[in-house]
Amino acid sequence: MSAVILPTAHIMSSAENKVENSSTEEEERGKKRKMSLSSCGVCGSEEAKYRCPACLTHSCSLPCVKKHKEVSGCSGVRNKTAFVTLSQFDEMALLSDYRFLEDTGRFADGATRDNLVQAPRVTVKSKKLASNARKMNITLRFLPITFSKSRENSTFFLTKEKLFLWHLKLIFPQSSSEFTQRRVSDKQTLKQILTSYIHPTESDPVTRQKLKMYVQARFDHVKVFMKVEGRKANSVRYHELDIEKSLRDNLSYKTLIEYPELHVVLKDHWKDYPLKGPGNERALFNITYTTLTSTA
């Protein structure tokens, strides 16, 4: 009876597959063992069986999972944009990133197809505001109604008084604070507007506490900037406004999207707000105004 001799390569490959399978099984057992060594982070009495994808809290049962979400407010959904170290980056992380990019692409594509998102709102009110702003040498533009900035805009124009009551946002970056003020008369100076925020005695006590850094600074150590609209993200520039002048004078020959957003900045941070070259804004407005009147 002749013996059957198996090829050496076949024997070696079978042995390697067994070693790989056994190592994988050992890793899985190691993970389960590590999980079982941890106690439940909710009740603390049972061994952990589950781990929250969002905050990695261990739990032992469905009631503990629900209790964890109720107490901590955790959603239980993994943060798709969280940092993952290279040693922890596996096939599941790669697949998750790929699906996240696909979802982003679908959302962006849907936005380009939605006419409501693309088209700015055109109403009787917006036409009136733009027309009266143009008479004051202000270019006023509007966003589609789907934008929150469009929905919150409360700007109003008084026809008889020929007066704008602006919806105004004040940003205080050195205190990480923002304030929205409605119906601000364009005849008020910036200094008058800021008085109720950063004046040592005349400002609101609660606001004064939030803006302590500004209150302690002198007025001549505070400047107000407004972002120049229509520039690329990598070349942001700002207008430096005059605190002693009225809001109307400061907005003249400038472009606004919905309403003014003013950055109130302390002296040590002025360098972080590069300015637009002088004279360019007036020329831009003249070109825009000429184009609008010729097309009309």
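Structure values in brief
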quantity: Selection status of Lys67, modelled with pLDDT of 85 or more, in a helix (DSSP H, G or I) and either open to solvent by 70 Å² or more (accessible area, probe 1.4 Å) or not hydroxyl-bearing (Ser, Thr, Tyr) (or both); calculated: yes
quantity: Whichever residue in region 45-64 is in contact (Cβ under 8 Å) with a residue 24 or more places away in the chain and in a loop (DSSP other than H, G, I, E, B) and, among such residues, is least open to solvent (accessible area, probe 1.4 Å); calculated: Cys52
quantity: Hits in region 81-101 - residues which are under 16 Å from Ala54 (Cα atoms), open to solvent by 100 Å² or more (accessible area, probe 1.4 Å) and in a helix (DSSP H, G or I); calculated: Gln88, Met92
quantity: Members of region 216-235 that are within 23 Å of Lys254 (Cβ to Cβ) and open to solvent by less than 40 Å² (accessible area, probe 1.4 Å); calculated: Val222, Val224, Phe225, Met226, Val228, Ser235
quantity: Residue ranges of strands (runs of 3 or more DSSP E) in region 156-215 with at least 3 members closer than 22 Å to Lys245 by Cβ and open to solvent by 20 Å² or more (accessible area, probe 1.4 Å); calculated: 163-172, 177-185
quantity: Lone qualifier among Lys127, Lys149 - being open to solvent by 60 Å² or more (accessible area, probe 1.4 Å), modelled with pLDDT of 80 or more and under 30 Å from Thr180 (Cα atoms); calculated: Lys127
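The values are calculated or read from the model by the stated rules, or taken from the named source; none is laboratory data. These figures come from a predicted structure and were not determined experimentally. Backbone-built Cβ (ideal geometry, glycine too); neighbour counts: all protein chains shown. When the accessible area is computed, the model is the full protein with side chains, heavy atoms only, and any ligands, DNA or RNA have been set aside. Shrake-Rupley method; radii C 1.70, N 1.55, O 1.52, S 1.80 Å.
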